[in-house]
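The values are calculated or read from the model by the stated rules, or taken from the named source; none is laboratory data. The structure presented is a predicted model; accordingly, all values stated were derived computationally and were not measured. With ideal geometry, Cβ positions are generated from the backbone for all residues, glycine too; neighbour counts draw on all protein chains shown. Protein only, heavy atoms only, side chains kept; ligands, DNA and RNA dropped before computing areas. Shrake-Rupley method; radii C 1.70, N 1.55, O 1.52, S 1.80 Å.
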Amino acid sequence: MIELNGPWTLHSDSLDGPVPASVPGCVHTDLMAAGLIDDPFLGENEVKTGWIGRSQWAYQLDFDWSDQGDQRADLVCAGLDTVATVILNDVTLGDTRNMHRSYRFDARAALREGRNRLEVRFDDVYKYTDELREQLGDRPNSYPEPFNFVRKMACNFGWDWGPTLVTAGIWRPISLQTWSVARLAEVRPLVTIRDGVGIVEVHVRAERAAETPLTVTAAVGNIRAQLQLIDTDQGVVRLELPDPARWWPRGYGEPTLHDLTVTLTESDRELDTWQRRIGFRDLRLDTTPDESGSAFTVVVNDVPVFVRGVNWIPEDAFVTRVDRSRYADRLADACEANVNLIRVWGGGIYESDEFYDLCDELGLLVEQDFLFACAAYPEEEPLRSEVEAEAREQVARLTPHPSLIMWVGNNENVWGWRDWGWQADLDGRTWGSGYYFELLPSIVAELDPTRPYWPASPYSGGPFTGADDRHPNDPAYGSTHIWDVWNTHDYAHYRSYKPRFVAEFGFQAPAAYSTLERASAFTHQKAGGGEGKLRRALDEHFGPVEGIDDWHYLTQVNQARAIQLGVEWFRSLRPYCMGTIVWQLNDCWPVISWSAVDGDGRRKPLWYALRRSYADRLLTFQPGVLAAVNESDSAWALQVPVRRVSFSGDVIATFDVDVVVPARGSVTIPLPESLLEPSPGECLVAEDAWWFFGRDKELAYPAAAFEATASRVAGDVLVTVIAGTFLRDLCLFPDRVDPAATVDEQLVTLLPGESFTFRVTGLPADAPLAALTSAPVLRCVNDRR
């Protein structure tokens, strides 16, 4: 195999001449590297690059090739973005129209001994979508861009958190593969465990260049089995492993993986080999009806799992810049926040094998959307064939990964059809239902029956027949999205919901201050009315807020509190509610958004709140009660005093809790009336759980007084705060002293006389430590004058 990595050159009538190009890569990153455009992530540069997505581009490579006598030579394109023509030595090998699948072209006849020229021409994607829209009729979507008329990363065209940077390029590896006799065209292991026996059914399809008997050998450890392919190109090799070590999700056991090797031979000659890691686990989605609706519970190895999830968007608007290290960093952010599931959202991409490999290793469950989001999608040709080819390839590709537990047909499209006025606009035209309720479930059933398929997120279950069906976002059934909180309602409104499973809910806040400052990104607000919604929430809780420092700090506090309230309320409903997936973990550029980790990889206060709310053992006040939730394998003997205290630190009343919370269970403890009488100058506290009798602007906070000191210890800096008065949601922002600095905790509440020590890492030796002890670096809610 010859990896065609370069040196490539990029050509266009828009350029004065060719420029060096990187493969994998895209036009934007190549133009940046050549100094021809400014970084689109900085300031208002995004809008200056719109011409790139409306231009034609060509990538060229000259390479040497020598005929070694192989019967076949294939040009393998793992990913072309998107409307492309592939030309080798002036011979057109083929055209592509889909970013989300690979293409393989027979290049044998076009190759020359010695020097060869490969050219990949990329057409204007807008020209392609305009022609299809004219041919098929317009379709409604949530944004004024034609992403639903091309199989391309939808958020490439902009989203309510992402830039409009319409890319083109060779975005995944491209290679020349030579072979003879036969090769492994597809290996699709279906892995289950039944009655303690691990079963691997390895579905194999070979492509032949010669009619000869072939042998397929599959092995896991010392267990081997063979299959003869005579007068056929495909078959199934079955392996059985007695009592294998199982793969478990995070918090439930070890995510044990086993090497699976598949070899194709002719006589004793090895022709091809394939190797992946697999995991043995039993999996089902429990949707049993009950008196309230129906369950939506992920069950792994016969154990119901409470999903503590986050939504995942592409890690970079230029996805070719995301490598294993970036994936590892972001997934570590998820794990350290006690997350056990990643939902790969349907407006992005099918991530690389490295992403799913890491999820396998970390025990992170993955819910994978098919790539349809927030729009009506035509079901006619040429799109339907591309959708089918894409789905078949991706379902087969991801079968080895035990982390993948569910395929979902789309993001919000059934909800959109029902509630967003699409039906009148469609006037009977197709919109995607044939994909979600027929094509995609049939592909999953055929190629990977070991995993459940769910038609949409949100979706309330049952057959789909039309407008008279159960509402697709009915909280009592299936999966739910909650977006009236943020858009129109205060976050206390989360408690009006009693859902079975929440697959999206979120609240905005700006990125870290140093991120916004580096990128001049204070105006990067993509959500419609976003600034007004941030201001409304500030006013509802804090009253008028003036100045950038207060705005930045308090919007981040609001975001953290909103998600903490939602998560803890939904967890307190366990086992009626069995999962939450917060929108969203990450960002693809510096922006004001719903993320817990910003586009520069900095953790917002939300991340720290999420870590606390997703802890295995959670104490949380809810109206009139204290809820204890235990997601560990052992019972929790909980003995804790609940104190009613004044902001001056006086204990007004106490109530001792002494209960046993069962493993994987919850207990709700009613509180006595002596604790519940509202008072603006008092609160309830039980360990790290707090309850306040009103919004901040209604409470009688004292003016903040504290003593803060900073000292260096073993290369880190310790910042100790001793509270002279009550201090609420104490935060330290060391990135405002140095962008490389991080802190171990945020959102600490202290009573008078209590203290807390923050650990800061990454500060250079000459950093001014005194800056860490006062505003705007050290903040609490009641420090405003």
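If the viscosity is 1.567 mPa s and the temperature 4 °C, what translational diffusion coefficient in µm²/s does Stokes-Einstein give for segment 396-501 when Rh comes from Kirkwood over Cα pairs? If you can, show how the numbers build up before the last one.
Values: Rh = 15.4 Å.
Taking Rh from Cα pairs, D becomes 84 µm²/s.
Which of the GluC sites (Glu not before Pro) found in segment 1-105 are in a DSSP loop and have at most 13 neighbouring Cβ atoms, other than their own, within 10 Å?
Values: sites: E3, E44, E46; in loops: E44.
Answer in residue order: E44.
State the dimensionless ratio Rg/Rh of segment 190-255 (Rg: radius of gyration of Cα atoms; Rh: Kirkwood radius).
Details: Rg = 15.3 Å, Rh = 13.7 Å.
With Rg and the Kirkwood Rh in hand, the quotient comes to 1.12.
If you line up the Cα atoms of segment 725-784 on their principal axes, what length do they span on each, largest first, in Å?
Between the extreme Cα coordinates on each principal axis of segment 725-784 lie 33, 21, 15 Å.
Within a Cβ distance under 12 Å of T192, other residues only, what is the Lys/Arg minus Asp/Glu net charge? Show your work: numbers first, answer last.
On the way: positive: R194, R238, R246, R281, R284, R451; negative: D195, E201, E240, D282, D448.
Net charge in that neighbourhood comes out at +1.
Tabulate in residue order the Karplus-calculated ³J(HN,Hα) for segment 401-415, using 6.51 cos²θ - 1.76 cosθ + 1.60 with θ = phi - 60°, rounded to whole Hz; enter x for Gly and Pro.
Running phi through 6.51 cos²θ - 1.76 cosθ + 1.60 with θ = phi - 60° gives 8, x, 5, 6, 10, 6, 9, 10, x, 5, 9, 6, 7, 5, 4 Hz.
DSSP beta bridges in the chain, what fraction antiparallel, as a percent rounded to 5? It would help to have the intermediate numbers written out before the result.
Values: 149 of 176 bridges.
Antiparallel bridges make up about 85 percent of those DSSP assigns within the chain.
Extent of segment 1-123 along each principal axis, from alpha carbon coordinates, in Å, largest to smallest?
Result for segment 1-123: principal-axis Cα extents of 55, 26, 23 Å.
As an exercise, use a Förster radius of 41 Å and the Cβ-Cβ distance of R384 and A332 to find the FRET efficiency, rounded to the nearest 0.05. Walk me through the intermediate numbers first.
Working: r = 40 Å, r/R0 = 0.97.
The value I calculate is 0.55.
How high is the FRET efficiency from D67 to D744, r the C-beta distance, R0 60 Å, rounded to 0.05?
On the way: r = 61 Å, r/R0 = 1.02.
FRET efficiency, D67 to D744: 0.50.
Could you point to the label whose value was computed as Rg and Dmax of the Cα atoms in Å for the structure here, given (i) 27.6, 81; (ii) 28.1, 90; (iii) 31.2, 97?
(ii)
Over its Cα atoms, what ratio of radius of gyration to 2.2 N^0.38 Å does segment 537-576 give?
Details: Rg = 13.5 Å, N = 40, 2.2 N^0.38 = 8.9 Å.
Ratio of Cα Rg to 2.2 N^0.38 Å: 1.51.
Would you please name the GluC sites (Glu not before Pro) within segment 134-238 that are DSSP coil residues with at most 13 other C-beta atoms within 10 Å of their C-beta?
Values: sites: E134, E186, E201, E207, E211; in loops: E211.
For GluC sites (Glu not before Pro) across segment 134-238 that sit outside H, G, I, E and B with at most 13 neighbouring Cβ atoms in 10 Å, the list reads E211.
Multiply the residue separation of L42 and R208 by 0.36 nm, subtract the distance between their alpha-carbon atoms, and state the gained length in nm to one decimal.
Numbers: separation 166, 0.36 × 166 = 59.76 nm, distance 5.13 nm.
Gain in length upon complete extension: 54.6 nm.
HN-Hα J couplings of segment 303-316 from phi, Karplus 6.51/-1.76/1.60, θ = phi - 60°, integer Hz, Gly and Pro as x?
10, x, 10, 7, 7, 10, x, 9, 7, 10, 10, x, 5, 8
At 1.4 Å probe radius, can you tell me the per residue accessible area of the chain in Å²?
Values: 28480 Å² over 785 residues.
Result: 36 Å² per residue.
Counting only protein heavy atoms, what percent of the accessible surface of segment 496-621 is carbon or sulfur at a 1.4 Å probe? Show your work: numbers first, answer last.
Numbers: 1540 of 3030 Å².
The value for segment 496-621 is 51 percent carbon and sulfur by accessible area.
Summing -39500 (n - 2.57) over the DSSP H runs of n ≥ 4 in the chain and dividing by its residue number, what mean residue ellipticity at 222 nm do you reach, to the nearest 500 deg cm²/dmol?
Helices in the chain give a 222 nm mean residue ellipticity of -5000 deg cm²/dmol.
Could you sort K697, K526, K48 by accessible area so the largest value comes first, with the probe set to 1.4 Å?
On the way: K697 105, K526 70, K48 130 Å².
Of K697, K526, K48, the descending order of accessible area is K48, K697, K526.
Under 10 Å from the Cβ of I722, count the other residues' Cβ atoms, weight Lys and Arg +1, Asp and Glu -1, and hand me the total.
Details: positive: none; negative: E707, E754.
So the surrounding residues net to -2.
Once segment 566-671 is represented by equal point scatterers at the alpha-carbon sites, with solvent omitted, what log10 I(q)/I(0) does the Debye formula produce at q = 0.10 Å⁻¹?
Taken in order of the listed q values, log10 I(q)/I(0) reads -0.39.
Based on the alpha-carbon set only, what is the convex hull volume of segment 372-427 divided per residue, in Å³? If you can, show how the numbers build up before the last one.
Working: hull volume 4.2 nm³, N = 56.
With only Cα atoms used, segment 372-427 gives 75 Å³ per residue.
What figure, in Å² to the nearest 10, do you get for the accessible area of W415 with a 1.4 Å probe and non-protein molecules left out?
Counting only protein heavy atoms, W415 exposes about 40 Å² to solvent.
Would you check the accessible area of H552, probe 1.4 Å, heavy atoms only, in square angstrom rounded to 10?
Surface accessible to solvent at H552 totals approximately 10 Å².
In segment 596-671, what trypsin sites (Lys or Arg not before Pro) fall in a loop by DSSP, with at most 15 other Cβ atoms inside 10 Å?
Numbers: sites: R602, R603, R611, R612, R617, R643, R644, R664; in loops: R602, R664.
Here no loop site has a sparse enough neighbourhood.
When the chain is fully extended, how far beyond the present Cα-Cα distance does T261 get from N222, taking 0.36 nm per residue of separation? Provide the component values of the computation, followed by the final result.
Numbers: separation 39, 0.36 × 39 = 14.04 nm, distance 1.11 nm.
Fully extending the segment from T261 to N222 adds 12.9 nm.
If I take R0 = 22 Å and measure r between the Cβ atoms of A770 and S520 in this structure, what FRET efficiency does the formula 1/(1 + (r/R0)^6) give, to the nearest 0.05?
Working: r = 28 Å, r/R0 = 1.26.
Efficiency at R0 = 22 Å is approximately 0.20.
Once you list every other residue whose beta carbon is under 15 Å from the beta carbon of S22, what net charge do they have if Lys and Arg are +1 and Asp and Glu are -1?
Details: positive: R172, R321; negative: E3, D30, D81, D316, D323.
Every neighbour counted, the sum reads -3.
At 1.4 Å probe size, put W51, W248 in order of accessible surface, largest to smallest. Display every interim value, and only then the final one.
On the way: W51 100, W248 60 Å².
Putting W51, W248 in descending order of accessible area: W51, W248.
Per residue of segment 37-50, what does 6.51 cos²θ - 1.76 cosθ + 1.60 with θ = phi - 60° give for ³J(HN,Hα)? Whole Hz please, x for Gly and Pro, Karplus curve as stated.
Residue by residue, segment 37-50 yields 9, 7, 4, x, 7, 9, x, 9, 5, 3, 6, 7, 10, x Hz.
Charges only on Cβ, +1 for Lys and Arg, -1 for Asp and Glu: so what's the dipole of segment 545-691 about the Cα centre, in debye to the nearest 20?
Values: 12 positive and 18 negative charges, 89 e Å.
In total the dipole reaches around 420 debye.
What figure in square angstrom, to the nearest 10, would you give for the accessible area of H203 with a 1.4 Å probe?
50
Taking amide hydrogens as modeled 1.01 Å from N in the peptide plane, which residues meet the under 5 Å criterion relative to A185, leaving out close sequence neighbours?
R205, A206, E207
Could you name the lysines in cross-link range of K152, using Cα to Cα under 29 Å and dropping any fewer than eight places away on the same chain?
Within reach: K48, K127, K526.
Pull out the extension gain between V651 and D268, defined as 0.36 nm times the separation in residues minus the alpha carbon to alpha carbon distance; nm, one decimal. Walk me through the numbers on the way to the answer.
Numbers: separation 383, 0.36 × 383 = 137.88 nm, distance 8.20 nm.
The span from V651 to D268 would gain 129.7 nm if fully extended.
Quick one: which residues, 5+ away or cross-chain, put their amide H under 5 Å from the amide H of F372? H built at 1.01 Å from N.
It is N411, by chain and number.
For segment 219-281, what mean projected area does the convex hull of the alpha carbons give, in nm²?
Values: hull surface 20.8 nm².
Convex hull of Cα atoms, orientation-averaged projection: 5.2 nm².
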